[in-house]
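Values quoted throughout were computed directly from the atomic coordinates according to the rules given, and no laboratory measurement underlies them. Since we're looking at a predicted model, the values are computed, not measured. Counting neighbours? That spans all protein chains shown, and the Cβs are built from the backbone with ideal geometry, glycine included.
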Amino acid sequence: MDKNTKIYIAGHRGMVGSAIWRKLETEGYSNLIGKTSKELDLRDQKAVNDFFTKEKPEVVIDAAARVGGILANNDYPYQFLME
């Protein structure tokens, strides 16, 4: 993959996404895109389609997730899968 490849990292501020971002930066990748959930709600299909149409990322890394805990994951499995 070329170092100028446009890469979108969903969840770039979370534990996994931020680690991926840092690793790519240290490897010399400079065309990284990150959007907070306030900037881009991944549950909003139109917003996501508009984002992809405008930005045209070549690579997408999905590290976005709803954060809870073991009990929350157990009590609300559907919500955690969908969000």
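What residue, of L24, L32, is surrounded by 15 or more Cβ atoms within 10 Å (Cβ to Cβ) and either in contact with a helix residue (DSSP H, G or I) (Cβ under 9 Å, 6 or more places away or on another chain) or among the acidic types (D, E) (or both)?
Numbers: L24 fails: either in contact with a helix residue (DSSP H, G or I) (Cβ under 9 Å, 6 or more places away or on another chain) or among the acidic types (D, E) (or both).
Result: L32 is the single residue among L24, L32 that is surrounded by 15 or more Cβ atoms within 10 Å (Cβ to Cβ) and either in contact with a helix residue (DSSP H, G or I) (Cβ under 9 Å, 6 or more places away or on another chain) or among the acidic types (D, E) (or both).
Looking at segment 40-62, is at least one residue at positive phi and under 10 Å from the mean Cα position of the chain (by Cα)? If you could, list the steps in order and put the result at the bottom.
The first filter runs over segment 40-62 and keeps only residues at positive phi, leaving 56.
Restricting the remaining residues to those that are under 10 Å from the mean Cα position of the chain (by Cα) gives none.
No, segment 40-62 has no match at all.
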Q.
Name the single residue that is nearest to M82 (Cα to Cα) among those in segment 42-72 being in contact (Cβ under 8 Å) with a residue 40 or more places away in the chain and β-branched (V, I, T).
A. V67
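Determine if segment 48-55 includes at least one residue that is touching a strand residue (DSSP E or B) at 6+ places or on another chain (Cβ under 9 Å) and exposed (fewer than 11 other Cβ atoms within 10 Å of the Cβ).
Step one: filter segment 48-55 for residues touching a strand residue (DSSP E or B) at 6+ places or on another chain (Cβ under 9 Å), giving 51-52, 55.
Imposing the further condition that a residue be exposed (fewer than 11 other Cβ atoms within 10 Å of the Cβ) reduces the set to none.
Among the residues of segment 48-55, not one is touching a strand residue (DSSP E or B) at 6+ places or on another chain (Cβ under 9 Å) and exposed (fewer than 11 other Cβ atoms within 10 Å of the Cβ), which makes the answer no.
How many of the residues making up segment 19-35 are of a type outside the set (A, V, I, L, M) and farther than 20 Å from E55 by Cα?
As a first pass, look at segment 19-35 and keep what is of a type outside the set (A, V, I, L, M): 21-23, 25-31, 34-35.
Then keep just the ones that are farther than 20 Å from E55 by Cα; that gives 22-23, 26-28.
Result for segment 19-35: 5.
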